[in-house]
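The values are calculated or read from the model by the stated rules, or taken from the named source; none is laboratory data. This one's a predicted model, so the numbers in the text were calculated from it and none came from an experiment. We place every Cβ from the backbone using ideal geometry, glycine too, and count neighbours over all the protein chains shown. The protein model used for the area step is the full one, side chains on, heavy atoms only, and it has no ligands, DNA or RNA in it. Shrake-Rupley method; radii C 1.70, N 1.55, O 1.52, S 1.80 Å.
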Amino acid sequence: MEKIKEAARLLVASHKVYALTGAGISTESGIPDFRSDSGVYTTMDPMESLSINVLLNEPKRFYSEGFLLLEDLWDKEPNTGHKILAEMELKDYILGVVTQNIDNLHKKAGSQNVYEVHGETRNVHCMDCQTHYGFRVMQEQVHQGQIPPRCPKCDGTLRPNVVMFGDQMPIDYINAQSQLAGSDLIIVVGSSLTVSPGNFLPNLGKHLIIINHTPTPFDAEADFVFYQGAGETLSYLMEVAEALGKD
Ligand code: NAD
Ligand code: ZN
């Protein structure tokens, strides 16, 4: 109890605060993470299936492996953790969310200022003319056996707006990095902090709170670590912060 109160005190006393989220915030929405015992790594190697190498050189494999992971995100809904972060932004406890997730759930929950450092699955784009289309345009072609899917405008190759293993980091990452640098507090939620770029970001702020089921390499540097569920811990943190009142 005392620990959550101290963490809430740090939250209300901090002005420039960001949440940094990973796959663990979305497991409560029924999306498996990569590294838990029930994670995706138990059935396939996403570093292969979601790599730029496989996308470009083995498209049949990409659309029968990695693509299934992307498609699976479509009907998922935000959970308590996503909703509390949206509320925290609305009430000025945090400035926004930097997420490694590609499931669109922060935006679906109502977060406004979201940096999607690994891209998103709402849209796809043509690698030749750069035109963007809804994810469904790609999905329909794939289901009809058109692999790789083609740009309706120029017949170039379409690809997902997801940052694949081996891709360059997008502009959202550069922007997120500069926002986090010099922030007062970063609240990590549901990330093993072992994957690039997640493992470069947590120590950019002055203070650090980590909410993750399992230990991370940054625990020793953190002000507070909660080995607990994302939704329940964020709810509790928010509740205690509300009781304290914002500065
Ligand atoms: P990760 O799988 O490496 O780590 C997730 C962490 O969350 C684990 O340490 C686990 O112990 C913890 N966790 C799981 N459920 C939790 C819960 N309910 N509450 C608190 N903690 C919980 O994920 P990562 O660090 O984000 O790195 C994996 C990469 O894979 C990321 O780059 C991400 O883009 C991608 N990915 C995204 C999704 C998604 O969009 N939802 C899903 C899987 C993987
Ligand atoms: Zn095109």
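Among the residues of region 45-82, those that are out of contact with any strand residue (DSSP E or B) (no Cβ under 9 Å at 6 or more places or on another chain) and within 18 Å of Gly30 (Cβ to Cβ) comprise Leu68, Leu69, Asp72, Asp75, Lys76, Glu77, Pro78, Asn79, Thr80. Between a residue in region 165-194 that is without any contact (Cβ under 8 Å) to a residue 24 or more places away in the chain and any residue that is aromatic (Phe, Trp, Tyr), which pairs come within a Cβ distance under 9 Å, given they are 6 or more apart or on different chains? Pairs that qualify, where the first residue is without any contact (Cβ under 8 Å) to a residue 24 or more places away in the chain and the partner is aromatic (Phe, Trp, Tyr): there are none.
Condition check ((1) more than 16 Å from ligand 2 (Cβ to nearest atom); (2) over 20 Å from Gly166 (Cβ atoms); (3) among the β-branched types (Val, Ile, Thr)) across all residues:
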{"site": "Asn53", "(1), (2), (3)": "yes, no, no"}
{"site": "Leu70", "(1), (2), (3)": "yes, no, no"}
{"site": "Asn79", "(1), (2), (3)": "yes, yes, no"}
{"site": "Val97", "(1), (2), (3)": "yes, yes, yes"}
{"site": "Asn101", "(1), (2), (3)": "yes, no, no"}
{"site": "Lys107", "(1), (2), (3)": "yes, yes, no"}
{"site": "Asn123", "(1), (2), (3)": "no, yes, no"}
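Screening Val225 on (1) modelled with pLDDT of 95 or more; (2) open to solvent by less than 40 Å² (accessible area, probe 1.4 Å); (3) in a loop (DSSP other than H, G, I, E, B); (4) out of contact with any Gly (no Cβ under 8 Å at 6 or more places or on another chain) shows it passes everything except condition (3). Among the candidates Ala230, Ala220, the residue that is assigned by TED's automatic domain parsing to the domain that holds His15, aliphatic (A, V, I, L, M) and more than 15 Å from the chain's Cα centre (by Cα) is uniquely Ala220.
Among the residues of region 39-88, those that are acidic (Asp, Glu) and under 30 Å from Ala241 (Cα atoms) comprise Glu77, Glu87. Taking region 13-76 and the helices (runs of 4 or more DSSP H) fully enclosed by it, the elements with 2 or more residues that are farther than 24 Å from Glu140 by Cβ and at pLDDT below 90 are at 46-49. When Pro152 is tested against the conditions (1) in a loop (DSSP other than H, G, I, E, B); (2) assigned by TED's automatic domain parsing to the domain that holds Ser178, the lone failure is (2).
Considering (1) without any contact (Cβ under 8 Å) to a residue 60 or more places away in the chain; (2) farther than 20 Å from Ser14 by Cβ; (3) open to solvent by 30 Å² or more (accessible area, probe 1.4 Å), the lone condition that Asn113 does not fulfil carries the number (2). Here Gly156, Gly205 are screened, and the one residue that is within 16 Å of ligand 2 (Cβ to nearest atom) and either open to solvent by 30 Å² or more (accessible area, probe 1.4 Å) or at negative phi (or both) is Gly156. With the structure loaded, tell me whether His118 is open to solvent by 30 Å² or more (accessible area, probe 1.4 Å) and in contact (Cβ under 8 Å) with a residue 12 or more places away in the chain or whether it fails that test. Yes.
Yes/no per residue for (1) outside any loop (DSSP other than H, G, I, E, B); (2) more than 16 Å from ligand 1 (Cβ to nearest atom); (3) among the small types (Gly, Ala, Ser); (4) open to solvent by 60 Å² or more (accessible area, probe 1.4 Å):
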{"position": "Val137", "(1), (2), (3), (4)": "yes, yes, no, no"}
{"position": "Met169", "(1), (2), (3), (4)": "no, no, no, yes"}
{"position": "Gln177", "(1), (2), (3), (4)": "yes, no, no, yes"}
{"position": "Ile186", "(1), (2), (3), (4)": "yes, no, no, no"}
